[in-house]
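K.L.:
Below is the structure I would like to discuss, written out as structure tokens.
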Amino acid sequence: MGDQPIVRLENVGKAYGPVVSLQDITLEIGSNEIVGLIGDNGAGKSTLIKIVTGVETPTTGEVYIRGEHINFSNYSVQRAHELRIETVHQTSSLGTKQPLWRNFFVGRPITNALGFIKVREQKRISEQIMRETIGFRGAGIDVDTPVGRLSGGERQGVAIGRAMHFESDLIVLDEPTVALALSEVEKVLNFIRSIKENGRSCIYIEHNIHHVHEVCDRLIVLDRGRLVLDCEAKAMSYTELTDFLRNLHQGHEGETKVAS
Amino acid sequence: MLRRLFQIDGASVAVVFVLLIIVFMITAPQAFLGYRVYMSFMATVPPPLIIALGVTLVAVAGEMDLSFPSVVAAASYVFGILFQEWDVTWLAFFCAVAVGCAMGLVNGLVITLLGIPSLIATLAMLFLWGGLVTVLSGGIQLAIPDIYGTTMHSLLVGRIGGVFPVQMIWALLMAGFIWMLLNRHRFGENLLFIGDNLEVARMVGIDATREKIKLFALSGALSGLAGVLLTLETTAYFASQGMGYLLTVIAAVFIGGTSIFGGSGKVIGTVFAAFIVTVIEAGLVASGIQGFWTRFFIGFVFILSVTANAVIEDPDKVPLVRMLRTKLRKG
Ligand SMILES: Nc1ncnc2c1ncn2[C@@H]1O[C@H](COP(=O)(O)OP(=O)(O)O)[C@@H](O)[C@H]1O
Ligand SMILES: [Mg+2]
């Protein structure tokens, strides 16, 4: 792989009807790099990662994965998985009526040649993920428990455990700590550190600037669909970063005052 | 604990079925204590049961298929006319199922490409296909008594030992196949997630459009198969043949415990419920209650069991139960 970036976006834009959520985004995610993606609600962060992970198609621009040009007519979540990209989405991507063992493998079940699912094998691996990766202990939760009976934190754990199991080169985490207790947040941060140690990459979307600044190699700031900052995390101190974000806000308030 | 027991596929419905048989053994002993009535159930239940298996999968995906009476009619007609005019049996059989499958495929395309909710779309298709069959057939009826005595007839709807209707075995094999498809195949898993939460299904990479088209095509093929079995059993075709199944099939699916909200389905429940609906009909008549009442009772049992199933699934989804619960807590 060498120095080839895992993902490269060129002038990517996305509009949902009249709503423009991304405009002219050019950026790269390098190998073994933890990239923090920052921005207000509605800045376009989730839209950006949905394009990278095959959920949405951009309106304009090009995407390259490991230098290979992506043809969006046959790019999909499945294809992204094949290209070793995993995602933990912001909104739950779990079927709440379905048992854990299905949720771990949905979209890519372990099957025989006829497409029949190897249930026993999936349950065995699910159990292993629960014990070793997520650290679920007792509490009446097993692989047959429907996800709807889990707490928000436990569900997030399932989604992260799923991403961890399918060892990928790029793991995308969209606000993974929102529903979590403090001790669980620490687990997520450790997970991100382990991604770095294992030589893989991560896009980490997070509102807690402190966490982002601490674990990330590079920072990207989106503001109302545009890229306004892309720099090494070391190049900016925590205070400089918060000042930069505060100035962005004040800029907006100034604009609205002028407008009104 | 009790709730868990009732969530086992078909468990609660099987209990209801047995209770119902016991009741009718008391109210109509002359019919229900002999074996003949059960043999007649096993001759008449397979066609609606096979349709209900398909509709169960459709309901799992959070969709509905109301077009099957016309698909049954179309398949029956194709089968009947091919046999009458060309004297073919197996070819007629495959053509009839293929026609059902094609009609289902068109239903699926209408639903996914035009974006019309399936309840409305398949209601429209019920009329569209029904009208088309009547026009193409010239509104005729067919009697094909010659089919009786063919190998195909004895193989599909014959009587084992002169009494046991062989179509019951085919229907149960079909139920086994659909159970495997829903609970053990990736197609069934995709349907479960589509019905559970369409947005989630999309995010985990399920092609909902493609799966729904396949689903409706399968439902159409099963209706086609049911149409052939019906025509073989009655050795006749007439246009309104499938219409009587509308209530019984839909009732069987939801009495069987398949969720009206999508995302969960009970194939074994559907099997027992298909019998329940037929047994109610026969049992009431045999008990001396006027025929008109049967629809009333099936409708009543339908509402009752759908509510019961919803309470088992999630009590808070039933507003009345939710209100009573809060009242009790306050009181
Ligand atoms: N499916 C959608 N349809 C219409 N507008 C959308 C859709 N998804 C996102 N948007 C809009 O795009 C903008 C960016 O949203 P999003 O990427 O979710 O922001 P963020 O994740 O940074 O909070 C918002 O204005 C949002 O309303
Ligand atoms: Mg977001």
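K.L.:
Determine which single condition A:A15 fails, assuming it passes every other condition in (1) closer than 14 Å to A:V172 by Cα; (2) within 12 Å of ligand 1 (Cβ to nearest atom).
P.N.:
If we test A:A15 against (1) closer than 14 Å to A:V172 by Cα; (2) within 12 Å of ligand 1 (Cβ to nearest atom), just (1) comes out false.
K.L.:
Right, another one. Suppose the filter is buried (at least 18 other Cβ atoms within 10 Å of the Cβ) and away from ligand 1 (no atom under 16 Å from the Cβ); does A:V7 pass it? It would help to see each step written out before you state the result.
P.N.:
Details: buried (at least 18 other Cβ atoms within 10 Å of the Cβ): yes; away from ligand 1 (no atom under 16 Å from the Cβ): yes.
Yes, satisfied.
K.L.:
Which condition from (1) within 27 Å of A:N208 (Cα to Cα); (2) within 16 Å of ligand 2 (Cβ to nearest atom) is the one that A:Y16 breaks?
P.N.:
With (1) within 27 Å of A:N208 (Cα to Cα); (2) within 16 Å of ligand 2 (Cβ to nearest atom) applied to A:Y16, the lone miss is (1).
K.L.:
Can you pull out the residues in region B:100-115 that are under 19 Å from the mean Cα position of the chain (by Cα) and surrounded by 24 or more Cβ atoms within 10 Å (Cβ to Cβ)? First the steps, then the outcome.
P.N.:
Residues of region B:100-115 under 19 Å from the mean Cα position of the chain (by Cα): B:100-105, B:107-108.
B:G100, B:M103, B:G104, B:N107, B:G108, listed by residue number.
K.L.:
Restricting attention to region B:135-189, which residues are more than 14 Å from chain A (Cβ to nearest Cβ) and of a type in the set (G, A, S)?
P.N.:
The answer is B:S137, B:G138, B:G139, B:A143, B:G149, B:S154, B:G158, B:G161, B:G162, B:A171, B:A175.
K.L.:
Exactly one of (1) modelled with pLDDT under 95; (2) within 11 Å of chain A (Cβ to nearest Cβ) is unmet by B:T234. Its number?
P.N.:
Condition not satisfied by B:T234: (2).
K.L.:
Among what's in region A:96-115 and is facing chain B (nearest Cβ under 9 Å) and more than 19 Å from A:G140 (Cα to Cα), pick the residue that is farthest from the chain's Cα centre (by Cα). Outline the logic, then answer.
P.N.:
First pass over region A:96-115, keeping only residues facing chain B (nearest Cβ under 9 Å): A:96-98, A:102-103, A:105-109, A:111, A:114-115.
After this cut, where a residue has to be more than 19 Å from A:G140 (Cα to Cα) as well, the list is A:105-109, A:111, A:114-115.
Values: A:F105: 18, A:V106: 18, A:G107: 17, A:R108: 19, A:P109: 21, A:T111: 27, A:L114: 32, A:G115: 29 Å.
By that ranking, first place goes to A:L114.
Yes/no matrix, rows are residues, columns are (1) among the basic types (K, R); (2) modelled with pLDDT under 95; (3) closer than 18 Å to B:A208 by Cα:
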{"residue": "A:N74", "(1), (2), (3)": "no, yes, yes"}
{"residue": "A:Q78", "(1), (2), (3)": "no, yes, yes"}
{"residue": "A:L83", "(1), (2), (3)": "no, yes, no"}
{"residue": "A:T91", "(1), (2), (3)": "no, yes, no"}
{"residue": "A:F116", "(1), (2), (3)": "no, no, no"}
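K.L.:
Turning to a different aspect of this structure: When you go through (1) touching a Leu at 6+ places or on another chain (Cβ under 8 Å); (2) away from ligand 1 (no atom under 16 Å from the Cβ); (3) in contact (Cβ under 8 Å) with a residue 40 or more places away in the chain one by one for A:L219, which number turns out not to apply?
P.N.:
(2)
Matching residues to (1) at pLDDT 95 or above; (2) touching a Pro at 6+ places or on another chain (Cβ under 7 Å); (3) not small (G, A, S):
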site	(1), (2), (3)
B:F68	yes, no, yes
B:Y77	yes, no, yes
B:D87	no, no, yes
B:C95	yes, no, yes
B:G100	yes, no, no
B:V106	yes, no, yes
B:A124	yes, no, no
B:F127	yes, no, yes
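Table: residues versus (1) of a type in the set (K, R); (2) closer than 22 Å to B:L119 by Cβ; (3) touching a helix residue (DSSP H, G or I) at 6+ places or on another chain (Cβ under 6 Å).
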site: B:F177; (1), (2), (3): no, no, no
site: B:M180; (1), (2), (3): no, no, no
site: B:R186; (1), (2), (3): yes, no, no
site: B:L191; (1), (2), (3): no, yes, yes
site: B:R210; (1), (2), (3): yes, yes, no
site: B:K214; (1), (2), (3): yes, yes, no
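Residues are listed down the side, and each one gets a yes or a no for (1) within 16 Å of ligand 2 (Cβ to nearest atom); (2) hydroxyl-bearing (S, T, Y); (3) open to solvent by 20 Å² or more (accessible area, probe 1.4 Å):
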{"residue": "A:D144", "(1), (2), (3)": "no, no, yes"}
{"residue": "A:L150", "(1), (2), (3)": "no, no, no"}
{"residue": "A:L173", "(1), (2), (3)": "yes, no, no"}
{"residue": "A:E184", "(1), (2), (3)": "no, no, yes"}
{"residue": "A:E197", "(1), (2), (3)": "no, no, yes"}
{"residue": "A:I203", "(1), (2), (3)": "yes, no, no"}
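K.L.:
Follow-up. With region B:231-331 as the region, which helices (runs of 4 or more DSSP H) entirely inside it contain at least 2 residues that are surrounded by 15 or more Cβ atoms within 10 Å (Cβ to Cβ)?
P.N.:
Result: B:245-255, B:267-286, B:292-313.
K.L.:
For region B:160-178, which residues satisfy the criterion of being more than 19 Å from the chain's Cα centre (by Cα) and farther than 13 Å from B:T44 by Cα?
P.N.:
The answer is B:I160, B:G161, B:G162, B:V163.
K.L.:
Counting just the residues of region B:30-69 that are touching a residue at least 24 places away in the same chain (Cβ under 8 Å) and of a type in the set (D, E, K, R), which one comes out nearest to A:G95 (Cα to Cα)?
P.N.:
B:E63
K.L.:
When the residues of region B:199-223 are narrowed to those that are without any contact (Cβ under 8 Å) to a residue 12 or more places away in the chain and part of a helix (DSSP H, G or I), which ends up farthest from the other protein chains (Cβ to nearest Cβ)?
P.N.:
This residue is B:R210.
K.L.:
Let me ask another. Which of the following residues is of a type in the set (F, W, Y), within 14 Å of chain B (Cβ to nearest Cβ) and over 15 Å from the mean Cα position of the chain (by Cα): A:Y75, A:Y64, A:Y16?
P.N.:
None of the others qualify; the one that does is A:Y75.
K.L.:
Right, something else. So which residues in region A:116-150 are within 11 Å of chain B (Cβ to nearest Cβ), part of a helix (DSSP H, G or I) and of a type in the set (V, I, T), if there are any at all?
P.N.:
A:V119, A:V147, listed by residue number.
K.L.:
What's the total number of residues in region A:42-75 that are open to solvent by 20 Å² or more (accessible area, probe 1.4 Å), within 16 Å of ligand 2 (Cβ to nearest atom) and among the charged types (D, E, K, R)?
P.N.:
The number of residues fulfilling the criteria is 2.
K.L.:
Turning to a different aspect of this structure: Looking only at region A:53-76, decide whether some residue is aliphatic (A, V, I, L, M) and within 12 Å of ligand 1 (Cβ to nearest atom).
P.N.:
Yes, the conditions are met somewhere in region A:53-76.
K.L.:
Since A:P109 meets every condition but one in (1) more than 25 Å from A:R200 (Cα to Cα); (2) modelled with pLDDT of 90 or more, which condition does it not meet?
P.N.:
Among (1) more than 25 Å from A:R200 (Cα to Cα); (2) modelled with pLDDT of 90 or more, A:P109 violates only (1).
K.L.:
May I ask you to verify whether B:I120 is away from chain A (no Cβ under 14 Å) and modelled with pLDDT of 95 or more? Before you say what the answer is, go through the steps one by one.
P.N.:
On the way: away from chain A (no Cβ under 14 Å): yes; modelled with pLDDT of 95 or more: yes.
The answer is yes for B:I120.
K.L.:
Just the residues that are assigned to a loop (DSSP other than H, G, I, E, B) and surrounded by fewer than 24 Cβ atoms within 10 Å (Cβ to Cβ), please, taken from region B:46-75.
P.N.:
Residues satisfying the conditions are B:G62, B:M64, B:L66.
K.L.:
Can you pull out the residues in region A:21-41 that are more than 15 Å from the chain's Cα centre (by Cα) and either open to solvent by less than 40 Å² (accessible area, probe 1.4 Å) or within 8 Å of ligand 1 (Cβ to nearest atom) (or both)?
P.N.:
The answer is A:S21, A:L22, A:I25, A:L27, A:G30, A:D40, A:N41.
The values are calculated or read from the model by the stated rules, or taken from the named source; none is laboratory data. Being a predicted model, the structure only gives us computed values, none of them experimental. So basically every Cβ, Gly included, is an ideal-geometry build from the backbone, and we count neighbours across all protein chains shown. For the accessible areas, the whole protein counts, side chains as well, though only heavy atoms, and no ligand, DNA or RNA atoms are used. Shrake-Rupley method; radii C 1.70, N 1.55, O 1.52, S 1.80 Å.
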